[in-house]
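Inspection log for the structure reproduced underneath, given as structure tokens.
The values are calculated or read from the model by the stated rules, or taken from the named source; none is laboratory data. Everything numeric here is computed off the predicted structure, so don't read it as measured data. Using ideal geometry, Cβ is built from the backbone for each residue, glycine included, and neighbour counts are taken over all protein chains shown. For the accessible areas, the whole protein counts, side chains as well, though only heavy atoms, and no ligand, DNA or RNA atoms are used. Shrake-Rupley method; radii C 1.70, N 1.55, O 1.52, S 1.80 Å.
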Amino acid sequence: MQKRPNILFILSDDQGAWALGCAGNREIITPNIDALARDGVRFENFYCASPVCSPARASILTGEMPSCHGVQDWLSGGNVNTANHPYMKDHYKFRTLDVGIEYLAGHPSYIAELARSGYTCALSGKWHLGNQEEAKEGFSKWFTISSGGCHYYAPDFYENGEFTDCRDYVTDVITQRALDYLDELGKGPNPFCLQVHYTAPHSPWEAEEHPAEYLEMYKDCPFESVPVEPIHKCQVSSAPVGDTPEKRRENLTGYYAAITAMDAGIGRLVEKLKRDGLYEDTIIIFTADNGMNMGHHGIWGKGNGTYPPNMFDTSVKVPFVIRLPRAEVRGIVAERSATHCDLYPTILELAGAKVGLNDKQPGESLVPYLADGCPEGEERTVEIHDEYGFVRMLRRGRYKLVKNYLHGTSQLYDMVSDPEETQDRIADHALSAVVSELEGELEAWFERYSDPKCDGRKAVALTGSGQKDLCWKPDAFTDENDLYYTGTQPEPRKGEIK
């Protein structure tokens, strides 16, 4: 009987599909991820479930959409019991003390299923799905950022319920703990699933946030891989906007440097697997929680870089690379579109675990497409759905429909003739039948895969400034200025990173 494979699942934070060397970006330096793509399969059209971190991460874990699992914005509350946190209880001026919330209680988890099937599961890095202090079901090792995000040289963690902090570069800290876990997991009797969730390349991007060796790599980079556009009319003020040549260069230098530093960490993990004789027994997956605009469309940020939220491909498309042990064909570029919700059944099938999708999990296993990418004609049948609160998206064939339920507006893009999404065709009378058909399909699909209690169309108070409680509760969403009182805070901590 063939040994069940180990799984190394690597997740980056705010990395657009465009921000990889193997995806055609000739300026960014990602040799280790590129090597995984050459040794595996890279999906050219892979979409997040929601263009912001916590909802997307919840969909990866559960295989459900935000209108089903209820995490609809990045979590500004419920991340940690602040009264017990050694730093927050002393220095943060909370209007009310926060408590940890189990946002996904009662929802499926591929980690829990893997553990039930005999896997040993561990996490090193960002969780940001509530109550970070306590390990979630299925994890036997738990090392995560306390509140969701952090500054790169001021991370604080909970490890198996115990608080720790340091002043080391957070990317290196996450990598090192993952290496430590590999030392233990690789010697154990069971197959393992190690989740390595980096905070990179999320902001901040100032020079003091990243090692000089990686910043230096982009000292003379012209950044021609990113367009220069006028600032979008709906750009939010809370984002680090590159609205001057100097700020644009600073942002892009930090962003690219963060990715290259993370890539170096990934290289260390792969080398460890090879050195310990585990590489040929391990599935390696690399993806991101959501996309990112670094000036694309004039936006700095992801879906909540604008208000109302946007659904541009640069916000919703993410990298996806999977390397399988003993695969007969390498270096495949799969054209078939796929989404985060497909990861749940894919991972469980590859692991030989029970898949058992319920009627609220829309995903489809990608295993049949890992050998040849996409059988001829298959792509025409694939629909992609995305949502962020009261904004929903459907991509079918050449057309993308974006519908804003709060403000009663829609956009339609022809992704074949206009892949950069510069021309809204919603008012084109020749396409009115297309719009009607897509609207009907959008409604029917979300009706099938939503929980009425968590329906994102009801999230009228969502501004992209965070979710602080279960979505159906009053005042569940955070006004931008509600999280902390203003006042002096100790350096180098400057507040929670969204």
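Details
- From phi via Karplus (6.51, -1.76, 1.60), per-residue ³J(HN,Hα) for region 425-432 in Hz, x at Gly/Pro: 9, 4, 8, 6, 4, 5, 10, 4
- Hits among lysines - C-alpha to C-alpha of K187 under 26 Å, sequence gap 8 or more where chains match: K3, K126, K136, K141, K272, K274, K354
- Accessible area of the chain belonging to carbon and sulfur atoms, whole % at 1.4 Å probe: 49
- Normalised per residue, the accessible area of the chain is 38 Å², obtained with a 1.4 Å probe and no contribution from ligands, DNA or RNA.
- Net charge, A200 excluded, C-beta distance under 11 Å - Lys, Arg +1, Asp, Glu -1: -4
- Ranked by how many other beta carbons lie within 10 Å on average, peptides 243-256, 429-442 from highest: 243-256, 429-442
- For the chain, pairs of C-alpha atoms spaced more than 45 angstrom apart make up 6 percent of the total.
- Alpha carbon centroid spacing (whole Å) that separates region 35-86 from region 119-173: 15
- Extension gain (nm, one decimal) between R448 and E246, 0.36 nm per residue minus Cα-Cα: 67.9 nm
- Alpha-carbon radius of gyration plus Dmax, which is the widest Cα pair, for region 145-269 in Å: 17.3, 57
- Extension gain, D479 back to E134 (0.36 nm per residue minus Cα-Cα distance, nm): 121.5 nm
- T339 long-range amide H proximity, modeled H, under 5 Å: Y47
- Members of K233/K317; K400/K468; K233/K400; K317/K473 lying beyond 26 Å, as alpha-carbon distances in this model show: K400/K468; K317/K473
- With a simple spin-label model that places each label point 7 Å from the Cα along the Cα-to-Cβ direction, the separation between D165 and V333 comes to 4.6 nm.
- The phi-based Karplus calculation (6.51 cos²θ - 1.76 cosθ + 1.60; θ = phi - 60°) puts the 3J(HN,Hα) values of region 50-62 at 7, x, 7, 5, 4, x, 5, 5, 5, 6, 4, 5, 9 Hz, whole numbers, x for Gly and Pro.
- Rounded to whole Hz, the Karplus (6.51, -1.76, 1.60) HN-Hα couplings of region 345-358, x for glycine and proline: x, 5, 5, 5, 5, 4, 7, x, 9, 5, 8, x, 4, 8
- For W18, solvent-accessible area (1.4 Å; no DNA, RNA or ligand), Å²: 50
- With the charge dipole of region 172-270 set up from +1 on Lys and Arg Cβ and -1 on Asp and Glu Cβ about the Cα centre, the Cα lying farthest toward the positive end among the listed residues Q176, C193, A261 is that of C193.
- Summed side-chain charge close to T120 - residues other than T120 whose Cβ falls under 15 Å, Lys, Arg +1, Asp, Glu -1: 0
- Per-residue [θ]222 nm for the chain (sum of -39500 (n - 2.57) over DSSP H runs n ≥ 4, rounded to 500): -7000 deg cm²/dmol
- Antiparallel beta bridges, as assigned by DSSP with both residues in the chain, represent about 55 percent of the total such bridges.
- Added length on full extension, which subtracts the Cα-Cα distance from 0.36 nm per residue, L406 to S432: 7.2 nm
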